[in-house]
Amino acid sequence: MAKATLTISSKNYSSWSLRGWLLTKFSGLEFDEVVTAPDDASARAEILLLSSSILVPCLRHEGATVWDTLAIGEYLNEVMPDAKLLPADRVLRAHCRSICGEIHSGFTTLRASLPVNLKGHFPNFKIWSRAQADIDRICIIWRECLAKSGGPFLFGERSMADAMYAPVVTRFMTYDVKLDPQLAAYAGTIMAMPEMHEWVEAAKVEPAEIEELEVEY
């Protein structure tokens, strides 16, 4: 049987590629990576926030081609149910889908103002009010989930939600966003995952740079 393939773009800059990659890793499905160059038109549009769903990331498995990140998560939940990407409880499952949908379609100011850049670190970064509103909403989501689940992940065990919010954690690290102890512990849990270590180390040695996403002072 042919192994699944996952097409991704930049590991340093691409939040959507990270989400799709983590979802596939969490599922336990074996796959090969196909990396598109940042100057590829579709990949570049995805990285530069022109769309949350073009053709990257794209999972191909047993005749299925799935290119939307939420759809990838739902597909993997079907074919790899033992991974429990979605909670077993109906109410919690609805909650998980809701917050995944919110990060998938919302927080546009945060994305534009604090682009993913794993190589970068900008202490005392100036955060504008509209981006701060997005940050505040994300913190509310995390607190509500952790209060219900008890942690260490948003729904106790790691799920689709943690993959969807992992790029936000990296943004908070890159731009020195201050978090209360509970949320800082959650961020630390995400960054300590072996999958995140693997992704970040690969991002650090990635040669390509995209000038539009490099912060200047």
Inset, instruction - Output the residue which, of all residues in the stretch 78-112 that are among the polar types (S, T, N, Q) and out of contact with any Lys or Arg (no Cβ under 8 Å at 6 or more places or on another chain), is surrounded by the most Cβ atoms within 10 Å (Cβ to Cβ). - result: T108
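Yes or no: the stretch 150-161 includes at least one residue that is out of contact with any helix residue (DSSP H, G or I) (no Cβ under 8 Å at 6 or more places or on another chain) and surrounded by fewer than 17 Cβ atoms within 10 Å (Cβ to Cβ).
yes
Within the stretch 141-159, does at least one residue satisfy the condition of being farther than 14 Å from Y13 by Cα, among the β-branched types (V, I, T) and not in a helix (DSSP H, G or I)? Even if it seems obvious, please write down each step before you answer.
Narrowing the stretch 141-159 to residues farther than 14 Å from Y13 by Cα: 141-159.
Filter once more, keeping what is among the β-branched types (V, I, T): 141.
Imposing the further condition that a residue be not in a helix (DSSP H, G or I) reduces the set to none.
No, the stretch 141-159 contains no residue that is farther than 14 Å from Y13 by Cα, among the β-branched types (V, I, T) and not in a helix (DSSP H, G or I).
Could you run through the stretch 1-26 and say how many residues are assigned to a loop (DSSP other than H, G, I, E, B) and at pLDDT 95 or above? Before you say what the answer is, go through the steps one by one.
Going residue by residue through the stretch 1-26, those that are assigned to a loop (DSSP other than H, G, I, E, B) are 1-3, 9-14.
If we keep only those that are at pLDDT 95 or above too, we end up with none.
Within the stretch 1-26, residues that are assigned to a loop (DSSP other than H, G, I, E, B) and at pLDDT 95 or above number 0.
Mind checking whether some residue in the stretch 160-168 is out of contact with any His (no Cβ under 9 Å at 6 or more places or on another chain), under 13 Å from N12 (Cβ atoms), modelled with pLDDT of 95 or more and not assigned by TED's automatic domain parsing to the domain that holds A71?
Within the stretch 160-168, one or more residues are out of contact with any His (no Cβ under 9 Å at 6 or more places or on another chain), under 13 Å from N12 (Cβ atoms), modelled with pLDDT of 95 or more and not assigned by TED's automatic domain parsing to the domain that holds A71.
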Legend entry - Criterion violated by E212 - all others in (1) at pLDDT below 95; (2) part of a loop (DSSP other than H, G, I, E, B) satisfied: (2)
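Which residue, of L29, L76, is at pLDDT 95 or above, outside the structural domain of K148 (by TED's automatic domain parsing), among the hydrophobic types (A, V, I, L, M, F, W, C) and in a helix (DSSP H, G or I)?
Details: L29 fails: in a helix (DSSP H, G or I).
Matching residue, one of L29, L76: L76.
Among the listed residues P123, P115, which satisfies the condition of being touching a helix residue (DSSP H, G or I) at 6+ places or on another chain (Cβ under 6 Å), outside the structural domain of L18 (by TED's automatic domain parsing) and either outside any helix (DSSP H, G or I) or at pLDDT 95 or above (or both)?
Details: P123 fails: touching a helix residue (DSSP H, G or I) at 6+ places or on another chain (Cβ under 6 Å).
Only one candidate passes the filter, namely P115.
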Inset, instruction - Could you tell me whether A131 is of a type in the set (A, V, I, L, M), in the same structural domain as D176 (by TED's automatic domain parsing), more than 18 Å from P181 (Cα to Cα) and touching a strand residue (DSSP E or B) at 6+ places or on another chain (Cβ under 8 Å)? - result: no
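Find the residue count for the stretch 169-196, including only residues that are part of a helix (DSSP H, G or I) and either assigned by TED's automatic domain parsing to the domain that holds T24 or in contact (Cβ under 8 Å) with a residue 12 or more places away in the chain (or both). Outline the logic, then answer.
Within the stretch 169-196, the first condition is being part of a helix (DSSP H, G or I), and the residues that meet it are 169-174, 181-192, 194-196.
Remaining after also requiring either assigned by TED's automatic domain parsing to the domain that holds T24 or in contact (Cβ under 8 Å) with a residue 12 or more places away in the chain (or both): 169-174, 182-183, 185-187, 189-191, 195-196.
Of the residues in the stretch 169-196, 16 are part of a helix (DSSP H, G or I) and either assigned by TED's automatic domain parsing to the domain that holds T24 or in contact (Cβ under 8 Å) with a residue 12 or more places away in the chain (or both).
Give the residue, chosen from F122, F153, F107, that is in contact with an Asp or Glu (Cβ under 6 Å, 6 or more places away or on another chain), of a type in the set (F, W, Y) and farther than 23 Å from S27 by Cβ. Spell out how you get there, then give the answer.
Details: F122 fails: in contact with an Asp or Glu (Cβ under 6 Å, 6 or more places away or on another chain); F153 fails: farther than 23 Å from S27 by Cβ.
Criteria check complete, one pass: F107.
The values are calculated or read from the model by the stated rules, or taken from the named source; none is laboratory data. Given the structure is predicted, the values throughout are model-derived calculations rather than measurements. Neighbour counts run over all protein chains shown; Cβ positions are idealised from the backbone, glycine included.
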